[in-house]
1. So which residues in region 79-96 are open to solvent by less than 30 Å² (accessible area, probe 1.4 Å) and either farther than 20 Å from residue 12 by Cβ or touching a Ser or Thr at 6+ places or on another chain (Cβ under 8 Å) (or both)?
2. Contact list please: Cβ distance under 6 Å, first residue in region 19-46 and within 17 Å of residue 88 (Cβ to Cβ), second residue among the hydroxyl-bearing types (Ser, Thr, Tyr) and part of a strand (DSSP E or B), pairs at least six apart or on different chains.
Amino acid sequence: MTDNVRSLSITLVAEPKQVKRFTLTQWRIDDITLGDQGEHVLNLQLSMTERAAYRFNLTSSTPRLFVRAGFTGQTPKPDAITASQDVAAGWMDGEQQVLEAPMPMAIHIWIERYLAHHGEAPMEMRKKKRKGAGRAKETPTKEQPQ
């Protein structure tokens, strides 16, 4: 495998949740392990365009991995994994269910090594707006004779 892809095995578990008089099934990730020996095997592929998102995730108090698991309300069928919260947010916008779990330390170290090798993403510089730019301006109106 290349330096930007790792196989991970995902194990899911269903937990019954009581909501008022109804029992719902809530799914969660029970385990993420390195290798391709598990129930659901996904390839985590790092992308140069997501380096800033990886850094943001790694510097959080609990770095996470995000698994896309089919449409919301259906039995989960994991089909993609990412370490980018931006990518995960895009999946959720498309009404996909996203499960998350703490990032294994081996993956954390691997992503750090990837960032060290390829460099940190350049900081996005926002253009400084001119004072009042982008705001509607009131224009003097002529008074209508009555």
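The values are calculated or read from the model by the stated rules, or taken from the named source; none is laboratory data. Note that the structure is a prediction, hence the values are computed from the model and not measured. Virtual Cβ from ideal backbone geometry, glycine too; neighbours counted across all protein chains shown. Ligands, DNA and RNA are excluded from the accessible area calculation, which covers all protein heavy atoms including side chains. Shrake-Rupley method; radii C 1.70, N 1.55, O 1.52, S 1.80 Å.
1. 84, 88
2. Within 6 Å, the pairs are 43/7.
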